[in-house]
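Engineer: Sending over a structure as structure tokens; questions will come in a sec.
Just so it is clear, none of the values below were taken in a lab; they were calculated from the coordinates. Because the structure is predicted, anything quoted here is derived from the model rather than measured.
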Amino acid sequence: MSISAYKEITVWDKAEFKVPNHTYLFDGKSNILAYAKESNDELVILHKPLPLDNRRRKFIKVKHKALDAYGATIVLAPPPVANNINIFMVKSDSGKEYTVEKIDNKYSCNCIGFAYRGKCKHSEQVRNENE
């Protein structure tokens, strides 16, 4: 897993208030582990990874002393071994095929909707057919 620091460079021209562009430490899966505040570079370490919806947002990879040092000390535990894994192929209305996985009664899908919302019609369809 690659842990990297990214500075947000989004232009917030339609926002009603000033939106700060912090520098974030990502775990390689769009989850924030920590961030340095734009205003004073104060390091904020999160208790658990926080997913970030990066639609319409722009970032550049940067070097950041505090975030890089913190990232170097993180030891991420390997995911637990699943007891029960089922894989389903689902064809969407548009004809695309998606992979839905059921791991220990939790469903996931490789479509963009599931990546953003944590649910989608493909995983719901499989859940409804199998419960």
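Engineer: Under the 0.36 nm per residue contour assumption, what length would be gained going from the current alpha-carbon distance of Arg117 and Lys63 to full extension?
Structural biologist: 16.4 nm
Engineer: Follow-up. Counting each DSSP H run of 4 or more residues in the chain as -39500 (n - 2.57), what helix-only mean residue ellipticity at 222 nm follows after dividing by all residues, to the nearest 500 deg cm²/dmol?
Structural biologist: Mean residue ellipticity at 222 nm (helix-derived): -5000 deg cm²/dmol.
Engineer: By how many degrees, 0 to 90 and rounded to 10, does the Cα axis of helix 121-130 deviate from the longest principal axis of the chain?
Structural biologist: Result, in degrees: 40.
Engineer: Quick one: of the DSSP bridges fully inside region 4-73, what percent are antiparallel, nearest 5?
Structural biologist: 100 percent
Engineer: State the extension gain, in nm to one decimal, for the chain segment bounded by Asn86 and Asn130, taking 0.36 nm per residue of separation less the distance between their alpha-carbons.
Structural biologist: Full extension of this stretch gives 14.8 nm more.
Engineer: Which whole-number percent is the relative contact order of region 4-73 (Cα, under 8 Å, 6+ apart)?
Structural biologist: With pairs under 8 Å counted, the relative contact order is 36 percent.
Engineer: Per-residue HN-Hα couplings for region 57-72, Karplus 6.51 cos²θ - 1.76 cosθ + 1.60 at θ = phi - 60°, whole Hz, x for Gly and Pro?
Structural biologist: Result, ordered by residue: 10, 10, 9, 10, 6, 9, 9, 9, 3, 5, 5, 5, 5, 5, x, 5 Hz.
Engineer: Residue by residue, what Karplus-based ³J(HN,Hα) values in Hz, rounded to whole numbers, does region 38-51 have, using 6.51, -1.76 and 1.60 with θ = phi - 60° and x for Gly and Pro?
Structural biologist: Result, rounded to whole Hz: 5, 5, 9, 6, 5, 8, 10, 9, 7, 6, 8, x, 10, x.
Engineer: Highest GNM mean-square fluctuation, the chain, Cα pairs closer than 10 Å: which of Asp13, Asp68, Asp53?
Structural biologist: Looking only at Asp13, Asp68, Asp53, the largest GNM fluctuation is found for Asp13.
Engineer: Let me ask another. Would you mind telling me which residue in Glu16, Glu38, Glu97 has the biggest mean-square fluctuation in a Gaussian network model of the chain, where springs connect alpha carbons within a distance under 10 angstrom?
Structural biologist: Glu16
Engineer: Given the options Gly118, Gly28, Gly95, which has the most mean-square fluctuation in a GNM of the chain, springs set between C-alpha atoms less than 10 angstrom apart?
Structural biologist: Of the options given, Gly95 has the highest mean-square fluctuation.
Engineer: Right, something else. Taking region 85-130 as the region of interest, what is the percent of Cα-Cα pairs per 10 angstrom bin, listed from the shortest bin to the one with the maximum distance?
Structural biologist: With 10 Å bins starting at 0, P(r) equals 30, 62, 8.
Engineer: Could you work out, for region 4-73, what percent of all Cα-Cα pairs fall into each 5 Å distance bin, beginning at 0 Å and stopping at the bin that holds the largest distance?
Structural biologist: Per 5 Å bin, starting at zero, the Cα-Cα P(r) for region 4-73 comes out as 3, 17, 28, 27, 16, 6, 2, 0 percent.
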